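Participant: I have a structure I would like to understand better, so I am pasting it below and will then ask my questions one at a time.
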Amino acid sequence: MHLTQEDALVNLRIPGPTACPPDVLDSLSGQMMNHRGPEFGAILERVTEGLRPFLATENDILILTCSGSGVMEAAVVNTLSPGDNVLAVSIGAFGDRFGQIAEAYGANVTPLDFEWGSAADPATIADAVRDTEACALLLTHNETSTGVTNPLQQICAAAREAKPDLLILVNAVSSAGCIPVEPDNWGIDVLVTGSQKGWQVPPGLAMAVVGPRAWDAYETARMPRFYLDFGKAREFVAKGQTPFTPAVTVFYGLDLALRNMASEGTEATYARHQRIAAHCRRRIEALGLDLFADPRFASNTVTAVRVPDGIDGADLSRLLRTEYDTVIAGGQAALTGKIFRIGHLGWVDQAQIDAALDALGDALAQLGYVAPAQAEDHA
Ligand SMILES: *Cc1c(COP(=O)(O)O)cnc(C)c1O
C-alpha cells in the first residue's frame, strides 16, 4: 500500500470526506459503462465480496447510491412502522440525527442521551429497552462529533438479553473499514456505513448489512419507502445490478480501494488506525491540550480536542487552512467553538498526522498559546 501523500496540496484532516489514494483518484476518471451490463455486474460482485471481510458478515450486503444519512434513513424505513416504540441512544450529533429520522417517519422515539464526550452505558440501555418496551434500538458505533467509540458489542449483548427479538440498527458510518465491526457475531440486524469515511473513496455510495431479523421486519414494516427499498436492492443484486443508476465512478474507485485494503489486510488496517490514533492523542497531550473524549472510549478514527482558553477555534481553523494548508474540523451543534477535530481514517499514515500536529503547534504559538507546562515554567 502506498501511503505517501507528497502530491497533496492540502492535508485534509476532517473525518470525511477523506483524501483518496492517487490510484483510486485515477480510477475515477474511467469511461462510463452500461450499468445493466455484465461488466458492471462483475464490479458489483467484486465490491460486495471485497467489503465482506471488513463487514464480517455472511448476510446481505446492499450498496446504495446516497450519503451516510441516506442509508441511516434506509435502515429505519425498511424495518419500522409508524407508532413503533424506538429507543434512540445518543452520545452526540449523529446519534441525535438517527432518532430524528425515525421521528420524521412517525416512530414513537424515546431519546436516551449520554453526556457528549462519554460513551453509552450498556446496563442503562438494557433497562431503558425494558422500560420503554422498545421494538427497535438505534445506536451509533463511532460518534464522529465527539470522537467517542461506543462499546458496541457489550451494548448489543445487554440489549439483546433485555429483549431477545429487539431490532438493533447501527450507524457504523465512521467506523466500518477502520475499527472492527462484527454485525453477525454481535447480533446487529442492520449496520450501515458510507463510502467517504473509512473506505478511501469519494462520497456517493453507502452500504448496509441486513440480517435475517431485519428481513422479517421488512415484511411487515409500513413506513413509506421507494428509492431506499432494501427488497428492491436485494432483488437487483441477484441480477448483478442496482435498482437505480449507481454512482458508477465511485464503484470504480471502491473496486480498487478494496483491493488495496485486502492486500493490507483487515487486522493490519485496524492496527494502523489504532496506532495512528494513539500517536495523535499523545502528540495532542504533549502540546498541553485536553482531549475531549473519555480516554477509555477514545475513537481510532477521529480525535476531538478542547479549544484552549484564550484561543478562538474559528481563528485556529482559519490560520491552519490559510498558512499551513491543513484543514481540520470544528465542533458541531453545542460543541461549535468548544472543540476541534482531527480525522485519521481511511488513507492515512503517521506522517500526515505528524505534519498536522506540527502545523497545529506552530499555529497555536502564532495565536499566543502557551502550553500549561511551559506556562508553569515561566511563572
Ligand atoms: C459522516 C457521518 C454520517 C453521514 O453523513 P452524510 O453527510 O450523510 O454522509 C452519519 N453518521 C456518522 C457517524 C458520520 O460520521
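Every read-out reported here was derived from the displayed coordinates using simple, explicitly stated rules and does not represent laboratory data. Source: prediction; values computed, not measured. We place every Cβ from the backbone using ideal geometry, glycine too, and count neighbours over all the protein chains shown.
Participant: Under the classification rounded if a/c is under 1.5, otherwise prolate if a/b is larger than b/c and oblate if not, where does region 82-197 fall, given a ≥ b ≥ c as square roots of the Cα gyration tensor eigenvalues?
Facilitator: rounded
Participant: Give the percent of DSSP beta bridges with both residues in region 70-156 that are antiparallel, rounded to the nearest 5.
Facilitator: 15 percent
Participant: Give me the angle, in degrees from 0 to 90, between the Cα long axis of helix 68-77 and the longest principal axis of the Cα atoms of the chain, rounded to the nearest 10.
Facilitator: For helix 68-77, the angle is close to 30 degrees.
Participant: How do PHE40, PHE230 line up, fewest other C-beta atoms within 10 Å first?
Facilitator: So the ranking, lowest neighbour count to highest, is PHE40, PHE230.
Participant: Report the label-to-label distance for ASP184 and ALA351 in nanometres (one decimal), using points 7 Å from each Cα along the Cα→Cβ vector.
Facilitator: Going by the 7 Å Cα→Cβ label model, 3.8 nm.
Participant: Can you sort PHE244, PHE98 so the residue with the fewest Cβ neighbours within 10 Å comes first?
Facilitator: Fewest to most other Cβ atoms nearby, the residues stand as PHE244, PHE98.
Participant: Right, next: About the Cα centre, and with charges only on the beta carbon of Lys, Arg (+1) and Asp, Glu (-1), how big is the dipole of the chain? Nearest 20 debye, please.
Facilitator: It works out to roughly 560 debye.
Participant: Follow-up. Taking the Cα-to-Cβ direction at ASN85 and at ASP26 and moving 7 Å from each Cα, how far apart do the two end points lie in nm?
Facilitator: Placing both labels 7 Å beyond Cα along the Cβ direction yields 5.8 nm.
Participant: When the chain is treated as a GNM, springs tying every alpha-carbon pair under 10 Å, which of LEU316, LEU169, LEU367 comes out with the largest mean-square fluctuation?
Facilitator: Sorting by GNM fluctuation, first place goes to LEU367.
Participant: A further question on this structure: Specify the angular offset, from 0 to 90 degrees and rounded to the nearest 10, of the alpha carbon long axis of helix 350-366 from the longest principal axis of the alpha carbons in the chain.
Facilitator: Value to nearest ten degrees: 50.
Participant: Taking only DSSP H segments of four or more residues, each worth -39500 (n - 2.57), what value at 222 nm results for the chain once the sum is divided by all its residues, to the nearest 500 deg cm²/dmol?
Facilitator: Counting only the DSSP helices, I get -13000 deg cm²/dmol.
Participant: Related question: What's the extension gain from GLU133 to GLN153 if we count 0.36 nm per residue and subtract their Cα-Cα distance?
Facilitator: 5.1 nm
Participant: Follow-up question, since we're still on this one. Counting alpha carbon pairs within less than 8 Å and at least 6 residues apart, what relative contact order, in whole percent, applies to the chain?
Facilitator: Result for the chain is 24 percent.
Participant: Short version: what are the Cα gyration tensor semi-axes of region 308-365, square root of 5 times each eigenvalue, largest first, in whole Å?
Facilitator: Equivalent ellipsoid of region 308-365: 19, 15, 9 Å, largest first.
Participant: Now, a different point. Using DSSP to define loop residues, name the trypsin sites (Lys or Arg not before Pro) in region 235-287 whose beta-carbon has at most 12 other beta-carbon atoms within 10 Å.
Facilitator: LYS239
Participant: Another question, then. Given H placed 1.01 Å from N in the peptide plane, which residues other than close sequence neighbours of LEU112 have an amide H under 5 Å from its amide H?
Facilitator: For LEU112, whose amide H was placed from the backbone, the distant partners under 5 Å are ALA88, VAL89, SER90.
Participant: Oh, and also: Arranged by the count of other C-beta atoms within 10 angstrom, fewest first, what order do ARG36, ARG160, ARG296 take?
Facilitator: By the 10 Å Cβ count, ascending, the order reads ARG296, ARG36, ARG160.
Participant: A further question on this structure: Cut-off 10 angstrom, C-alpha nodes, Gaussian network model of the chain. Which of LEU64, LEU364, LEU167 fluctuates the most?
Facilitator: Among LEU64, LEU364, LEU167, the largest GNM mean-square fluctuation belongs to LEU364.
Participant: So how much slack lies between LEU367 and LEU9, counting 0.36 nm per residue of separation and subtracting their Cα-Cα distance, in nm?
Facilitator: Gain on extension, LEU367 to LEU9, equals 126.5 nm.
Participant: Region 23-261: Rg/Rh from Cα coordinates, Kirkwood Rh?
Facilitator: Rounded to two decimals, Rg/Rh equals 0.97.
Participant: Give me the percent of DSSP beta bridges within region 23-261 that run antiparallel, rounded to the nearest 5.
Facilitator: 40 percent
Participant: Expected output is a single nm value to one decimal: the length gained when fully extending between ARG259 and ASP315, i.e. 0.36 nm times separation in residues minus the C-alpha distance. What is it?
Facilitator: Full-extension gain reported as 16.1 nm.
Participant: Further, regarding this structure: Tilt of helix 248-264 relative to the longest C-alpha principal axis of the chain, in degrees (0 to 90, nearest 10)?
Facilitator: Its long axis makes an angle of about 70 degrees.
Participant: What's the center-to-center distance, using Cα atoms, between region 308-379 and region 254-305 in Å?
Facilitator: Here the two parts' Cα centres lie 17 Å apart.
Participant: Something else now. State which stretch of the chain is the longest one without any exposed GluC sites (Glu not before Pro), exposure meaning a DSSP loop state and at most 15 other Cβ atoms within 10 Å.
Facilitator: With GluC sites (Glu not before Pro) excluded where exposed in loops, the chain gives 134-379 as its longest stretch.
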